[in-house]
Every structure is written in structure tokens, then in C-alpha cells.
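Bear in mind these aren't lab numbers, they're just calculated from the coordinates by the rules spelled out. Computed from a predicted structure; not experimentally measured. All Cβ positions, even for glycine, are placed from backbone atoms using ideal geometry, and neighbour counts span all protein chains on display.
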Amino acid sequence: MLSDLSFSLQITAPIFFIISLGFLFKKIGWIDDAFAKKGSDLVFKVTLPCLLFVKLSKTDFTRGLPLALIGYAVFATSVVFVLLELFATPMVKEARDKGVFVQGAFRGNMGIIGLAFCISAFGEDVLGIASIYLAVLTILFNVLAVMTLTRHRGDGHTKKMANLLTGILKNPLIMAIVSGILVSVFRIPIPGIAIHTGEYFASMTLPLALVCAGATIRAKEFQSSPPLYWSSIMKLVFVPFVITAGGVLVGLRNEQLGVLYLMSASPTAAASYPMAQAMQGNHYLAGAIIAVTSVGSLLFTTLGIFLLRVFDLI
């Protein structure tokens, strides 16, 4: 049991320390809000797309695809989304809080924290499975987020919804994912220099992203608010438990079950804040959910990995 606990801590502790260093660097003035914003933009627009493109372009999509994992993840995420929509209506009083509540509960930060968890747990060999999972679920998350924020917004949303859907298609992550898959499937030759350059950028992704994530945490956002804590509990406990329990029942084990759990247990995605703001949701609540789940996920993920190891599921 001690070995299982040690394994769990080895996954989450390095990520916790890097996020904590980001918070500390901000406090002592080594970095500031402008650095965190620019760094996050660099991750979102350059380094993470490079990481996904390089990995997917090298992935053989003609064999070994985790179809059972991806198919189940899409189904389970959709079911959880419907359950959250049904739960949000009676639980959350303010209309502009409802969509933010639902988005905060289901939309995980897979591209940064989830990916970091997976690499920490299984090494870089898991990037193939994790990248394909991220490719499909990122698109689904964006579509579901637009649906819930639009549904709970009211009239006058049609034009902006169309703009947001266009924005999803122009999302650098989705563009990188589609490009990487096309290069792999059609075996489009890419110069070695370009691949090596992309690998250098890719290697920057996780440390820079985690430091910037820590720098954006604000103590004042941990305010007492029922929608905040209900949404955070859903993200940290309900969603990963339901999705992972279903994964066990359908027969997923080892790396695939680990990826499923770690991706679903990742804290609320930072992208949920600007999307809530653009859709006239309560973006202050969105920011608070990100902060609470970012801290809470480190404890709950450690516990979840420990239990999966104890029961010999991963």
C-alpha cells in the first residue's frame, strides 16, 4: 500500500510543486500578470499546438487506435453533461451562473494538467493515446460548452454563437490536431528541421504552462458561494468517479484506464473563463471554479490514483 501511495504522489507532487512555484514567483515579483498572460498565450498558440502536431504526425492511425477508450469517453462525457444540465437547473438560482456551473464541472484542463498527469504516470510513451484522446475530447468540450452557455443565456445569442463556432474551428489546438492527423494519414513529408524545431517548442509546454497556471491563482477567488463549491465538487469527485467507474465496467484497464481517469480528473480548463465572458456568463464564478479545482485536483487525483493502484486497475 505504501508503494501505491508513493506512486500516486510521484504523479501529482511534481505538478503541485511547479504550480506552487508559479504562485510563489508571482508573490515575490519574479513574474507578473503580464508574464502569466503572455506565457499562457504562447502555450495555447504555439508550444502546445507544436506538441500535439509533432506527436500526432508520428502516430500510426492505421493500427492500435484506442477506439474503445475514445468511444466510451465521448459517450460518458455526453451522459455526464446531460446529468449536469438536469442538476444545474434546480440547484443554481441565477440564470447566468447555470451555464458556467455546468461548463466548470465537465470541462477539464486536459491539454496542460491532464497531459502532465498522464506523462508523469506512464512516461512519454503514453502521449500517443493521450494525444488522440485530447484531440477528440477537445472538440467535444468546446461544442458542449457553447451549448450550455448559449442555452442559459437567453435571447440574442445567434450571431455570437456562430462567431464562437467559427472560433472553435480556428482554435490553434484543433488546427494542430487536424493537421497532425492529416500528415500522418496521408504520409505528408515534413522536413526534419521543422520537426526538431517543433520538438524544442513542445518541450517548453508543460513547465511554462504549469508556472503560468500557478501565477493566475488568486486567494480572493476562494469565496463562499454554493455554485462555486457545488461545481468544484462535481469536477473533482462526481465526474471522474462516474466516468472512471463506467470505464472499469466496460473493461478498460492499465494505461487506457489511467488516461481516462487522469484526463477526467484534471481541473477546470482555463479556456472556460474567456468563453464564459464572451457568452455573458458569470466569468467571476468561472475564474473561481478554475482556482478551486486547480488546487483541489492535486489532492483528489492523488487519492484517485492511489485507489486505482490498490485495486490493481492501472
Pull out a ≥ b ≥ c, the square roots of the eigenvalues of the alpha-carbon gyration tensor of the stretch 1-96, then state rounded if a/c is under 1.5, prolate if not and a/b is larger than b/c, and oblate in the remaining case.
rounded
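Applying 1/(1 + (r/R0)^6) with R0 = 25 Å to the Cβ-Cβ distance of L299 and K27, what FRET efficiency is obtained, to the nearest 0.05?
So the FRET efficiency works out to roughly 0.70.
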Order the peptides 138-147, 23-32, 81-90 from the highest to the lowest mean number of other Cβ atoms within 10 Å of their residues.
138-147, 81-90, 23-32
From fewest to most C-beta neighbours within 10 Å, the residues I119, I243 line up as I119, I243
Among T244, T293, T302, which comes first, second and so on when ranked by fewest other beta-carbon atoms within 10 Å?
T302, T244, T293
Shape call for the chain from the C-alpha gyration tensor, a ≥ b ≥ c root eigenvalues: rounded (a/c under 1.5), prolate (a/b greater than b/c) or oblate?
rounded
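Can you tell me which of 93-104, 120-131 comes out highest on packing, and rank the rest after it, using the mean Cβ neighbours within 10 Å?
93-104, 120-131
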Cα-Cα longer than 25 Å, checked against K38/K170; K27/K98; K37/K93; K93/K170; K93/K235; K38/K235, kept in input order, equals K27/K98; K37/K93; K93/K170; K38/K235
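Within 10 Å of each residue's Cβ, count the other Cβ atoms and sort F53, F61 from fewest upward.
Details: F53 27, F61 13.
Going from least to most buried by this count: F61, F53.
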Roughly speaking, what is the centre-to-centre gap between the stretch 182-209 and the stretch 1-68 when only Cα atoms are used, to the nearest Å?
16 Å
Looking at the square roots a ≥ b ≥ c of the eigenvalues of the Cα gyration tensor of the stretch 43-151, which shape do they give, rounded for a/c under 1.5, prolate if a/b is larger than b/c, or oblate?
prolate
